[in-house]
Amino acid sequence: MDFAQRIADLRKELEKHNHLYYVLSQPEISDYNYDMMLKELEKLEKEHPEYADPNSPTQRVGSDLNVEFVQVTHKYPMLSLNNTYNEDELSDFDERVNKDLADSYRYVCELKYDGASISLTYRNGELLRAVTRGDGVQGDDVTSNVRTIRSIPLKLHGSGWPEEFEIRGEIMMPHAVFDKLNEERVEIGETPFANPRNAASGTLKMQNSAQVAKRSLDCFLYFMLGERLPAQSHFENLQKAREWGFKVPPYVAVCDHMEQVRRFIEKWSVDRDKLPFDIDGIVIKVDSLTQQRQLGMRAKSPRWAVAYKFPAERVETRLNSISYQVGRTGTVTPVANLEPVRLAGTTVKRASLHNADQIQLLDIRVGDTVFVEKGGEIIPKVIGVNMEKRPADSQPTQFITHCPECNAELKRNEGEAAWYCPGENDCPPQIKGRVEHFISRRAMNIDSLGEGKIELLYEKGLVHDVADLYSLKYGQLFGLEKVAVDEDGNIRKTGFRERTAEKILSGIEASKQAPFERTLYAIGIRFVGETIARKLARSFHDIDKLAKATFEELVSVDEIGDRIAASVVDFFGRPTNRAIVERLKQAGLQFASDESAHQVKSEALKDKTIVVSGVFSIPRDDIKKMVEEHGGKNSSSISSKTDYVLAGEKMGPEKLKKAETLGVPTISEDEFMKLIGG
Ligand code: IVH
């Protein structure tokens, strides 16, 4: 048998049926027959590894190997669109286009898909690379994850594609997949995703492509770029893309007049609810590529296209009760418990009521029918009451006077809208909240410890303040378990097995290297956010000087106002806080700023940019510190400006390849040590 031929035939056949199923929704063969062919191909590929191909249909199941993403610079920057919110703004757009173009023009209207944007590059008819938007200039290479998305062709159909081109689109998570995923997450005690967009972009960034494959993402394409495109019309190019096997959505209109554009908008403002995925507006593009070039670009968006954003969706539902949440700083936030209602793609059961003043101002009462709104990523909020539906016996809302968690009498500072619980050392959500803040990504970044785990550690009496984290022992963690039922009746399991316990301890250990400014932010001084923490770290250099600083000294620092200064003085005035800081210091956390911590030991790496990647005999952060101590600069992405890649074990193959392609020398840990004379 000619194995090469059989492999090629099977791949072609499978790719064809894949397209029929996932792009056209017109399957021609049974799942069983598909699986049989796939099995045969898998077997042949295993027996003949010389025919391996990353774009074979067998690769769609992904791999269990963890990858680190390589940053790639976009050939054409990924711009965003200018937004318009009403008819007037839209007319302004059309007037500008009209003024700048000599000839007549037409628009293509499309839906604005609410997912994660992706750029796909094809070379010789095969998927070469898939890159996220990133900051628009550089994004993450997520090719191995994107290969698992069945509606994305790995090899193109038909003919006539340019040798190399880029096609952009949106990675989407359909509602059905999203709902199921969130149900599963709740069941295993993980935080559900806020919306399908977050779920899609979160999935796309997963390090394990086999996991991505299980999440059934979809991808709609809407923009082709390249030097030799088939046509000078955006619309025609997309029709071609469809012939080549891409999922180009059918929801488009070619419009000669603004009136048609308006009708398209009107139609989809209503019909969007019937779509099985989220859209957040309409995109209007000038069709002719020649005219697109004439109109040109602004810094961040094209002049030839605009987005029309739908107004925030609003629904009515009953306010069943009000509960009160206590945050880490003691602030009490009223939360509306609503009769569940579908809003912008998700089911809403709770919404923010902001504070006591807001409740009073809007006269919101239990039993009322309230208006709930959701805009962008923000939590839904109650924006008013339908007074006509108010029950006759309704009673004005009395804001609580005592903390629902620890029963302390609530207080309110002059000039502030929020009530707060003063029981900071006895009030469970405040204690847990402080630890949660401390471990959060932008603070100490101990990502092996999530919310549920802190809860468990607190309940078992192991962690009462942030310093307790540093005396945790393996024996205390291993085997801890808790099963709880949440407000929605879902079972949440939290438990520490071997690997979890180890990861937690190594995460805690690694956090000791976090720079002073992050530690300062992490300890949670009221009003001291990341920027202020940086400012304070730079101005006072170490925690002792900061702790001794007077109100006057603090306000003399640029950007430090009365409120922050008073809060810092208050924080260090409390013996409990001073004791915690002292214990953290003993544990080895960084309490002095970089300048004093990083002594320069040599100039061996002067002006050298180094990418440290993989696993070493000592923690990676220590290596990075050495780079700086010897005059070098750390960078996380390999580019032509990189001088060395310091490669440890398990460094991703894609990174190695990139270093090779760019001709950047790769050095080992030993070689690095020699280089710095150690
Ligand atoms: S065209 C230069 N078409 O919206 C214009 N974008 O705010 C390139 N988006 O980052 C984009 N649906 O992720 C285009 N039909 C559509 C779209 C669309 C959604 C997203 C895209 C882009 C963002 C711009």
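Any read-out appearing in this document is the output of simple, stated calculations on the displayed coordinates, not a laboratory observation. Everything numeric here is computed off the predicted structure, so don't read it as measured data. We place every Cβ from the backbone using ideal geometry, glycine too, and count neighbours over all the protein chains shown.
With θ set to phi - 60° and the Karplus curve 6.51 cos²θ - 1.76 cosθ + 1.60, what are the ³J(HN,Hα) couplings of the range 533-538 in order, to the nearest whole Hz, using x for Gly and Pro?
With the stated coefficients, the range 533-538 comes to 4, 4, 4, 5, 4, 5 Hz.
For a quick check: with amide H placed at 1.01 Å from N, whose amide H comes under 5 Å from Phe223's, ignoring anything fewer than 5 positions away on the same chain?
Distant-sequence amide H within range of Phe223: Arg168.
Would you mind pulling out the separation of the Cα centroids of the range 1-55 and the range 187-234, in Å?
The distance from the Cα centre of the range 1-55 to that of the range 187-234 comes to 24 Å.
Please list the three semi-axes, largest first and in whole Å, of the ellipsoid equivalent to the chain, using sqrt of 5 times the eigenvalues of its alpha carbon gyration tensor.
Working from the Cα gyration tensor, I get semi-axes of 45, 37, 27 Å.
Which whole-number value in Å³ per residue fits the convex hull of the alpha carbons of the range 134-182?
138
So who's got an amide H within less than 5 Å of the one on Lys601, skipping anything under 5 residues away but keeping other chains? H placed 1.01 Å off N, in plane.
His630, Gly631
How long are the three semi-axes of the equivalent ellipsoid of the range 482-615, in whole Å, if each is the root of 5 times an eigenvalue of the C-alpha gyration tensor, listed from largest down?
Square roots of five times the eigenvalues give 32, 26, 14 Å.
Provide Val485, Val142, Val67 in ascending order of the number of other Cβ atoms located within 10 Å of each residue's Cβ, fewest first.
With the sparsest Cβ surroundings first, the list reads Val485, Val67, Val142.
If you take every residue apart from Gln358 with its C-beta less than 15 Å away from the C-beta of Gln358, what net charge results, scoring Lys and Arg +1 and Asp and Glu -1?
Net of charged neighbours comes to -2.
Stokes-Einstein diffusion coefficient for the range 203-289 at 10 °C in a medium of 1.306 mPa s, Rh from the Kirkwood formula over Cα pairs: what value in µm²/s?
The calculation lands on 103 µm²/s.
Whole angstrom only: what separates the Cα centroid of the range 147-162 from the Cα centroid of the range 111-141?
The distance from the Cα centre of the range 147-162 to that of the range 111-141 comes to 14 Å.
Grab the DSSP H runs of the chain that are 4 residues or longer, score each as -39,500 (n - 2.57), total them, divide by all residues and round the 222 nm result to the nearest 500 deg cm²/dmol.
Counting only the DSSP helices, I get -10500 deg cm²/dmol.
Dipole magnitude of the chain about its Cα centre, charges +1 at Lys/Arg Cβ and -1 at Asp/Glu Cβ only, in debye to the nearest 20?
The calculated dipole for the chain is roughly 460 debye.
Could you give each residue of the range 508-518 its phi-based ³J(HN,Hα) in whole Hz, using Karplus coefficients 6.51, -1.76, 1.60 with θ = phi - 60°, and x for Gly or Pro?
5, 4, 4, 5, 5, 8, 4, x, 3, 4, 6
Could you tell me which Cys residues in the chain have no other cysteine's Cβ under 4.7 Å from their own Cβ, answering none if every one has a partner?
Within the chain, the cysteines lacking a partner Cβ under 4.7 Å are Cys109, Cys219, Cys255.
Which far-off residues, 5 or more places away or on another chain, put their amide H under 5 Å from the one on Gly281, with H placed in the peptide plane?
When sequence neighbours closer than 5 places are left aside, the close amide H contacts are Lys112, Phe310.
Using 10 Å bins from zero, what percent of all Cα-Cα pairs in the range 221-272 falls into each bin?
Taking every Cα pair in the range 221-272, the percentages come to 22, 42, 30, 6.
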